[in-house]
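The values are calculated or read from the model by the stated rules, or taken from the named source; none is laboratory data. A quick note: this is a predicted structure, and the numbers were derived from the prediction, not measured. In this analysis, Cβ positions are derived from the backbone assuming ideal geometry, glycine residues included, and neighbour counts consider all displayed protein chains.
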Amino acid sequence: MRILIAGGGTMGRELACALPEHEVTIIELNPDKARRIAEDYKNIKIVEGNATKMYVLRKAEYEKADVIIAVTHNDETNLFIALLAKSKGKKTFARVKEPDYIPMFTDLGIENIIAPEKRAAMDIAKRIVWE
């Protein structure tokens, strides 16, 4: 399976490492981070650039991807990428940092939402109450 990940932060790198049997491409905006990822992860294709730019997405061969995952640190960027991917019929996942945005993503048809901050808060609250 071809998987495109927008965002080479911790989540993007961890996702790529968790999918070793797949063809993974990461788009990373920060040139230094992109270089380090390329050096550390030889089996992952790295494309440096802004994932909201069509020429960067084309360079990453987004049209060939089976799955597109948007896990940048910017909700608006993730929304744009997810909407584009959805419009192309791709299986899509999007990170949402701001919990207030979750209903908007859902209303726009983004079904696979990753909300790590909200999940962590709920996990901590559950442990406080139940332990």
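On the given criteria, is Thr25 of a type in the set (S, T, N, Q) and within 22 Å of Glu117 (Cβ to Cβ)?
No; evaluated as a whole, the condition is false for this residue.
Given the residues Ala115, Ala70, which is the only one that is surrounded by 12 or more Cβ atoms within 10 Å (Cβ to Cβ) and either under 15 Å from Leu4 (Cα atoms) or of a type in the set (Val, Ile, Thr) (or both)?
One residue alone meets the criteria, Ala70.
β-branched (Val, Ile, Thr) and at pLDDT below 95: which single residue out of Ile114, Ile81 fits that description?
Residue meeting the stated conditions: Ile114.
Picking from Ala121, Ala82, which residue would you name as being of a type in the set (Gly, Ala, Ser), within 20 Å of Ile3 (Cα to Cα) and surrounded by 12 or more Cβ atoms within 10 Å (Cβ to Cβ)?
Ala82
For Ile44, work out the one condition from (1) more than 24 Å from Glu98 (Cα to Cα); (2) under 15 Å from the mean Cα position of the chain (by Cα); (3) without any contact (Cβ under 8 Å) to a residue 24 or more places away in the chain it doesn't fulfil.
Here Ile44 clears every test but (3).
Looking at the stretch 86-119, which of its residues are in contact (Cβ under 8 Å) with a residue 40 or more places away in the chain and assigned to a helix (DSSP H, G or I)?
Once the filter is applied, which keeps residues that are in contact (Cβ under 8 Å) with a residue 40 or more places away in the chain and assigned to a helix (DSSP H, G or I), the stretch 86-119 yields only Pro116.
Going residue by residue through the stretch 47-65, is there one that turns out to be surrounded by fewer than 16 Cβ atoms within 10 Å (Cβ to Cβ), at pLDDT below 95, of a type outside the set (D, E, K, R) and part of a helix (DSSP H, G or I)?
Checked against the condition, which is being surrounded by fewer than 16 Cβ atoms within 10 Å (Cβ to Cβ), at pLDDT below 95, of a type outside the set (D, E, K, R) and part of a helix (DSSP H, G or I), the stretch 47-65 yields no hits at all.
So which of Asp75, Asp32 is among the acidic types (Asp, Glu), surrounded by 19 or more Cβ atoms within 10 Å (Cβ to Cβ) and modelled with pLDDT of 95 or more?
Values: Asp32 fails: surrounded by 19 or more Cβ atoms within 10 Å (Cβ to Cβ).
Being among the acidic types (Asp, Glu), surrounded by 19 or more Cβ atoms within 10 Å (Cβ to Cβ) and modelled with pLDDT of 95 or more holds for just one of Asp75, Asp32, which is Asp75.
Condition test on Met11, is it surrounded by 12 or more Cβ atoms within 10 Å (Cβ to Cβ), out of contact with any strand residue (DSSP E or B) (no Cβ under 9 Å at 6 or more places or on another chain) and of a type outside the set (S, T, N, Q)?
Values: surrounded by 12 or more Cβ atoms within 10 Å (Cβ to Cβ): yes; out of contact with any strand residue (DSSP E or B) (no Cβ under 9 Å at 6 or more places or on another chain): no; of a type outside the set (S, T, N, Q): yes.
Here the answer is no, as Met11 does not meet what is asked.
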